[in-house]
Each structure stands twice: as C-alpha cells, then as structure tokens.
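Student: Provided herewith is a single structure, encoded as structure tokens, for subsequent inquiry.
A short reminder: the numbers here are calculations on the coordinates, not readings from a lab. All of these numbers come straight from a predicted model, not from anything done at the bench. Ideal geometry is used to build each Cβ from the backbone, glycine not excepted, and the neighbour counts take in all protein chains shown.
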Amino acid sequence: MDKKTLRKNLLRDKKSLPQEIILKTSQIINHNLTSLEAFFSAKTILIYASLPWEVDTSFIWDYALQKQLVFPKVEKGELSLIRVKNKESLKKGTLGINEPFFGDYILPSEIDLAVVPGIAFDKEGYRLGYGGGYYDKLLPKIEGVKIGLVMERFFLPKLPKEEHDIPVDIVVTELGIFRRFI
C-alpha cells in the first residue's frame with residue numbers, strides 16, 4: 001500500500017478511537033517515556049502539542065520548571081524551534097496545531113531529546129507522518145535522542161519508506177519501549 005492510502009486509512013482509524021481510550025493509553029505511554037534515562041537527563045526537550053487523536057502530550061507541562069520545553073512552529077515551509085515557559089505561549093497555528101506565538105528561537109543542535117509526531121511508527125523506527133515533510137527536514141539537524149510516541153495498534157512491523165526518511169531512535173507504546181540502536 002502506498003504512503004498516501006496508508007496515511008488516509010490509519011488517520012481515519014485514529015480519529016475513530018474514543019477519547020477515553022486515547023487518554024488512558026496516553027497515561028501509560030507518557031509514564032514509559034518519562035521513565036527513560038534519555039528523558040531524565042535531557043535538559044532541552046522538543047515536543048509537539050498533540051491533536052485530539054494523538055498520544056496526549058500535555059503531561060509535559062508537569063516538567064516546565066525542570067526542563068526547557070521547545071515547540072515547533074511552521075514558518076516559511078519549515079519548522080522553527082521556540083522555547084516556551086508555559087502553555088499560554090501556544091495558540092492555533094497554520095495547520096490548526098497549537099504553536100508558540102512568542103518565546104526564544106533555538107537551534108536544532110540545542111535539543112537533547114525530540115518527541116516526534118507520527119500517524120504510525122514501525123519496528124525500525126521509521127514514521128508515517130502527515131505528509132508535509134516538516135520533520136523530514138528537521139530530524140537530520142537534531143543530534144539528540146529522537147523518540148516516537150504511538151499506541152501499540154499503530155506500531156507496525158514495516159512502513160513504506162523513502163530515501164529522505166529519518167528513523168527515530170526509540171518508539172514508546174503502552175506495551176513498552178523499543179530501541180532501534182541505543
């Protein structure tokens with residue numbers, strides 16, 4: 001199945017899940033993420049504001065005093081990285097996703113840990129994104145640990161991939177932590 005068709009089918013499945021299941025599963029996934037040494041030792045974390053059908057990332061605000069939180073913002077066809085201090089710094093952006101509207105711009109090289117969105121991930125760490133190519137451009141510039149959060153039902157054996165695709169290092173689901181090579 002090609003990426004476009006797979007994306008459409010999986011996104012339809014994700015959007016049909018009851019919010020109760022998404023939130024319950026998210027709690028377990030977030031617990032698994034925060035138990036990682038990579039999370040514990042990270043000072044600067046890139047994370048996205050989740051959409052209703054994604055693993056809920058709002059837990060990150062519990063760490064706002066301990067970690068520097070960075071959110072992406074779409075600007076000129078690319079993702080800018082902006083450090084924010086509180087959730088009031090975010091508002092709906094170009095794609096309907098909460099983005100920072102003020103804060104300090106930082107370089108990708110300053111990111112210790114990047115939590116990367118995806119519709120699905122596979123056992124090799126590859127992701128099926130939303131098709132905009134924003135993270136495909138950003139991920140090669142990040143030297144820190146790259147982590148995907150996904151419900152087990154969207155953690156697939158193999159996804160179609162292209163030459164420019166960059167895998168994440170770790171995929172976290174409600175059933176465990178899967179490392180690619182770290």
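Student: Could you give each residue of the stretch 126-131 its phi-based ³J(HN,Hα) in whole Hz, using Karplus coefficients 6.51, -1.76, 1.60 with θ = phi - 60°, and x for Gly or Pro?
Tutor: 6, 10, 9, x, 8, x
Student: Next question, about the same structure. How big is the charge dipole of the stretch 80-122 about its Cα centre, in debye rounded to the nearest 20, if each Lys and Arg gets +1 on its Cβ and each Asp and Glu gets -1 on its Cβ?
Tutor: Numbers: 5 positive and 6 negative charges, 55 e Å.
In debye, rounded to 20, the stretch 80-122 gives about 260.
Student: Hey, what's the per residue convex hull volume over the C-alpha atoms of the chain, in cubic angstrom?
Tutor: Hull volume normalised by residue count: 114 Å³.
Student: Take every Cα-Cα pair in the stretch 53-154 and report what % of them are more than 20 Å apart. List each step's numbers first, then the result.
Tutor: On the way: 1980 of 5151 pairs.
Here the tail beyond 20 Å accounts for 38 percent of pairs.
Student: Also, I was wondering about something else. What ratio of Cα Rg to 2.2 N^0.38 Å holds for the stretch 111-182? Show your work: numbers first, answer last.
Tutor: Details: Rg = 11.1 Å, N = 72, 2.2 N^0.38 = 11.2 Å.
Against the compact-globule rule of thumb, the ratio is 0.99.
Student: Among Val150, Ile111, Gly77, flag the residue with its Cα farthest along the positive direction of the charge dipole of the stretch 68-182, charges on Cβ as +1 for Lys/Arg and -1 for Asp/Glu.
Tutor: Val150
Student: Follow-up question, since we're still on this one. Please report, in debye to the nearest 20, how large the charge dipole of the stretch 132-182 is about its Cα centre when each Lys and Arg carries +1 at its beta carbon and each Asp and Glu carries -1 there.
Tutor: Working: 8 positive and 8 negative charges, 12 e Å.
Around 60 debye, computed over the stretch 132-182.
Student: Once you charge only the Cβ atoms, +1 for Lys and Arg and -1 for Asp and Glu, what is the size of the charge dipole of the stretch 1-118 about its Cα centre, to the nearest 20 debye? Provide the component values of the computation, followed by the final result.
Tutor: Details: 17 positive and 14 negative charges, 92 e Å.
The dipole of the stretch 1-118 has a size of about 440 debye.
Student: Sticking with this structure for a sec: Looking at the stretch 1-47, what % of the alpha carbon pairs are farther apart than 13 Å?
Tutor: 69
Student: How long is the gain from Lys43 to Lys161 if the chain were fully straight, where each residue apart is worth 0.36 nm and the alpha carbon distance is subtracted?
Tutor: Numbers: separation 118, 0.36 × 118 = 42.48 nm, distance 3.12 nm.
Full extension from Lys43 to Lys161 adds 39.4 nm.
Student: Within 10 Å, count the other beta carbons around each residue, average over each peptide in 106-114, 81-89, and list them highest first. Walk me through the numbers on the way to the answer.
Tutor: On the way: 106-114: 17.9, 81-89: 16.1.
Those peptides, ordered most packed to least, come out 106-114, 81-89.
Student: Using only the alpha carbons of the stretch 93-148, determine the length spanned along each of the three principal axes and report them from longest to shortest in whole angstroms.
Tutor: Principal axes ranked by extent give 36, 27, 15 Å for the Cα atoms.
Student: Please report Rg (one decimal) and Dmax (integer) in Å for the Cα set of the stretch 1-109.
Tutor: Both quantities, over Cα of the stretch 1-109: 15.3, 44 Å.
Student: Working out 0.36 nm times the residue gap between Lys15 and Ile106, then minus their Cα-Cα distance, what length gain in nm do you get to one decimal? Write out the running numbers ahead of the final one.
Tutor: Details: separation 91, 0.36 × 91 = 32.76 nm, distance 3.26 nm.
So the chain would gain 29.5 nm between Lys15 and Ile106.
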